[in-house]
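Participant: The structure is given below, and queries will be raised subsequently.
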Amino acid sequence: MTNPYIPILVLMGVAAVLALGGVAASAIIGPKRYNRAKLEAYECGIDPTPGAVGGGRFPVKYYLVAMTFIIFDIEVVFMYPWAVAFGELALFGVVAMVTFIVLITVPFVYEWRRGGFEWD
């Protein structure tokens, strides 16, 4: 009689070996030509400035759009099990999913009305 957790432990071991092996291989095989540009912090190709560009606040619209994508990802993750068990959930499942979709739609509509998707 074998333990049912042995395949999971083997998979975790293989994942750890691959992860550590990739890091070790890049340290050994990778190029070692360091220069001033490579040693600086990555700033999307723009020279780093001490404050925000123009001295003002950083636009929050970027964060709002990112949060919208996260919200939709979470919504899809919760909709997959619902779709698989749709026949067994009957009316309760439909009411629960409609409530969930309405609650998720509220922040999306709020962001849309506030102009979070306008990039000008």
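Participant: Every residue in region 90-120 that is of a type outside the set (D, E, K, R) and touching a Lys or Arg at 6+ places or on another chain (Cβ under 9 Å), please. Break it down stepwise before answering.
Facilitator: Let us first name the residues in region 90-120 that are of a type outside the set (D, E, K, R), namely 90-110, 112, 115-117, 119.
Selection gives Gly115, Gly116, Phe117, Trp119.
Participant: Just give me the residues in region 49-78 being within 19 Å of Arg114 (Cβ to Cβ), β-branched (Val, Ile, Thr) and at pLDDT below 80, in sequence order.
Facilitator: Val60, Val65, Thr68, Ile71
Participant: Sticking with this structure for a sec: Taking only region 61-113 into account, find how many residues are basic (Lys, Arg) and surrounded by 11 or more Cβ atoms within 10 Å (Cβ to Cβ).
Facilitator: Of the residues in region 61-113, the ones basic (Lys, Arg) are 61, 113.
From what is left, the residues that are surrounded by 11 or more Cβ atoms within 10 Å (Cβ to Cβ) are 61.
So the count comes out to 1.
Participant: Restricting the first residue to region 81-110 and requiring it to be in a helix (DSSP H, G or I), which pairs with a second residue that is of a type outside the set (A, V, I, L, M, F, W, C) and surrounded by 10 or more Cβ atoms within 10 Å (Cβ to Cβ) meet a Cβ separation below 8 Å and a spacing of at least six or different chains?
Facilitator: Every condition considered, the pairs that remain are Trp82/Gly93; Phe86/Gly93; Phe100/Glu75; Ile101/Glu75; Ile104/Glu75; Pro107/Thr68; Phe108/Thr68.
The values are calculated or read from the model by the stated rules, or taken from the named source; none is laboratory data. Just so we're clear, the structure is a prediction, and the values are computed from it rather than from any experiment. Cβ sites come from the backbone with ideal geometry, for glycine too, and all protein chains shown count toward neighbours.
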